[in-house]
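One structure below.
The values are calculated or read from the model by the stated rules, or taken from the named source; none is laboratory data. As the structure is a computational prediction, the values presented were derived from the model and not from experiment. All Cβ positions, glycine included, derive from the backbone under ideal geometry; neighbour counts span all protein chains shown.
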Amino acid sequence: MKKLLPVLIALAVAVAGTTTAIAAKPPKPGTAKGAAKALKQHNGSGKGVVCVRNARLRAANEVPASTSTAKGHAQIKVRRDGSIQYKIFVLNRDRETFAAGHIHEAPAGSPGPVRVGLFAGLATDARHIRLSGTVTAMTELAADICADPDDYYVNLHTSTNPAGAIRGQLG
């Protein structure tokens, strides 16, 4: 035991004198810190995805109420350069004329202002509508959509329901 004690003391002193640098984990994309950091670190490549958000589009989600029988799904991908790629699918049972789509800012149950125009001037009454595209948004807005998706919704407008036919929150 007398021989082991000096070895243990030497080992304890050696360990106490050693410091190990532990790097903090980078925030995950899709979180508030992760989205802001990913967009700030933009290096010119717009191909990286910061977050992906989905919305179930329903007339029951509209404020004020909508008479639309259509329903659908919207998916947005926020890219590092602040651009937003979207895909929208609509089942348009009664052949309503869809004319525009936007991302608005407001929580569920409240109407809000348009923040990003997705499409306009479409004017289609197809039974199955499939839309996709990429739009430019301010980097700060794109980061906020990733960080607080409950505060944003996708809204599609028709000639019958110009204030909004179907809506879905992104969070």
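Show me the strands (runs of 3 or more DSSP E) entirely contained within segment 122-171 in which 3 or more residues are within 27 Å of Arg80 (Cβ to Cβ) and within 18 Å of the chain's Cα centre (by Cα). Give the steps one after another, and end with the answer.
Working: elements: 128-135, 152-158, 166-169.
It comes to 128-135, 152-158.
What number of residues within segment 134-148 satisfy the criterion of being of a type outside the set (A, V, I, L, M) and modelled with pLDDT of 95 or more? Full working, then the answer.
The initial filter retains those residues of segment 134-148 that are of a type outside the set (A, V, I, L, M), namely 134, 136, 139-140, 144, 146, 148.
Filter again for modelled with pLDDT of 95 or more, leaving 134, 144, 146, 148.
So the count comes out to 4.
Residue-wise test of (1) among the aliphatic types (A, V, I, L, M); (2) under 21 Å from Pro113 (Cβ atoms); (3) out of contact with any helix residue (DSSP H, G or I) (no Cβ under 8 Å at 6 or more places or on another chain).
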{"residue": "Leu57", "(1), (2), (3)": "yes, yes, yes"}
{"residue": "Ser66", "(1), (2), (3)": "no, yes, no"}
{"residue": "Lys77", "(1), (2), (3)": "no, no, yes"}
{"residue": "Ile84", "(1), (2), (3)": "yes, yes, no"}
{"residue": "Ile88", "(1), (2), (3)": "yes, yes, yes"}
{"residue": "Phe98", "(1), (2), (3)": "no, yes, yes"}
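From the list Ala108, Ala55, which one is modelled with pLDDT of 95 or more and assigned to a loop (DSSP other than H, G, I, E, B)?
On the way: Ala55 fails: assigned to a loop (DSSP other than H, G, I, E, B).
Selected residue: Ala108, the only one of Ala108, Ala55 that is modelled with pLDDT of 95 or more and assigned to a loop (DSSP other than H, G, I, E, B).
Could you give me the residue pairs with C-beta distances under 6 Å whose first residue belongs to segment 80-93 and is under 15 Å from Ala123 (Cα atoms), whose second residue is part of a loop (DSSP other than H, G, I, E, B) and among the charged types (D, E, K, R) wherever it lies, and which are 6+ apart or on separate chains?
Asn92/Arg127
With of a type outside the set (Phe, Trp, Tyr) and in contact with a Pro (Cβ under 7 Å, 6 or more places away or on another chain) as the only criterion, which of Val50, Val78, Val116 stands out?
Val50
Looking at this structure, is Gly164 within 18 Å of Ala55 (Cα to Cα), surrounded by fewer than 14 Cβ atoms within 10 Å (Cβ to Cβ) and either at pLDDT below 95 or out of contact with any Gly (no Cβ under 8 Å at 6 or more places or on another chain) (or both)?
Details: within 18 Å of Ala55 (Cα to Cα): yes; surrounded by fewer than 14 Cβ atoms within 10 Å (Cβ to Cβ): no; either at pLDDT below 95 or out of contact with any Gly (no Cβ under 8 Å at 6 or more places or on another chain) (or both): yes.
When the stated conditions are applied, Gly164 does not pass them.
Condition test on Ala74, is it in contact (Cβ under 8 Å) with a residue 60 or more places away in the chain and closer than 21 Å to Arg130 by Cα?
When the stated conditions are applied, Ala74 passes them.
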